[in-house]
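Everything below concerns the one structure shown next.
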Amino acid sequence: MSVDNIIGEDRAGDIAEITRITHVYARGLDRFDPKETLSAFTVDGVWDAGAVGLTRYEGHEQLLDFFERDAESVDKQFHIITNHVIDFQDADNATGTNYVFSEAEMKNGAAIKAIALNTDRYVRTPEGWKIAERVITPLTTPQMDGFDA
């Protein structure tokens, strides 16, 4: 049985919901709202930016701590997330990629810039689709000096 047959008509809605949750993640970061950012992740979610010089965080407690520190240390920032490609493993599990372009001005005076590929794993939960794992890989040399979150 193909994935299309398993998912049927709901596939377009699932794609829209998965894309939306990736945008909610970015909006939460840019609004300095750690709880909105966290809402995009499963309870045991993973955010791994080791390849851009940051750290890997697992679970809501570690993620919220990081998102709170980020909100406190950044003065201005934006994230553009685009070019989503989503593949379904079954009705409740999917993987995907999307590009992110982000710049920020830190409160310590540093400026950061990252152009990267997000490689995600998504899971349907009772609350809707969530990011179960996000691995961030640089597409250009990241400028992260002075990022102190």
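Assorted remarks:
- Residues in the stretch 125-149 that are assigned to a strand (DSSP E or B) and of a type in the set (Asp, Glu): Glu133 alone.
- Any chance Thr95 is open to solvent by 30 Å² or more (accessible area, probe 1.4 Å), in contact with an Asp or Glu (Cβ under 8 Å, 6 or more places away or on another chain) and either part of a strand (DSSP E or B) or closer than 16 Å to Arg20 by Cβ (or both): yes
- Among the conditions (1) more than 26 Å from Thr141 (Cα to Cα); (2) buried (at least 18 other Cβ atoms within 10 Å of the Cβ); (3) hydrophobic (A, V, I, L, M, F, W, C), the only one that Ala12 does not satisfy is (2).
- Test: residue in the stretch 30-51 that is without any contact (Cβ under 8 Å) to a residue 24 or more places away in the chain and touching an Asp or Glu at 6+ places or on another chain (Cβ under 7 Å): no
- When Thr55 is tested against (1) of a type in the set (Ser, Thr, Tyr); (2) open to solvent by less than 30 Å² (accessible area, probe 1.4 Å); (3) out of contact with any strand residue (DSSP E or B) (no Cβ under 6 Å at 6 or more places or on another chain), exactly one condition is not met: (2).
- Some residue of the stretch 42-63 being at pLDDT 95 or above, assigned to a helix (DSSP H, G or I) and among the hydrophobic types (A, V, I, L, M, F, W, C): yes
- Scanning the stretch 64-86 for residues that are part of a strand (DSSP E or B) and in contact (Cβ under 8 Å) with a residue 40 or more places away in the chain gives Val74, Gln77, Phe78, His79, Ile80, Ile81, His84, Ile86.
- Only one entry of Gly28, Gly59 meets the criterion of being more than 22 Å from Met144 (Cβ to Cβ) and small (Gly, Ala, Ser), and that entry is Gly59.
The values are calculated or read from the model by the stated rules, or taken from the named source; none is laboratory data. Here the structure is a predicted model, which is why all the values come from computation and not from measurement. Cβ coordinates were reconstructed from backbone atoms using ideal geometry, including for glycine residues, and neighbour counts include every protein chain displayed. Side chains are part of the model used for accessible areas, which takes the heavy atoms of the whole protein and leaves out ligands, DNA and RNA. Shrake-Rupley method; radii C 1.70, N 1.55, O 1.52, S 1.80 Å.
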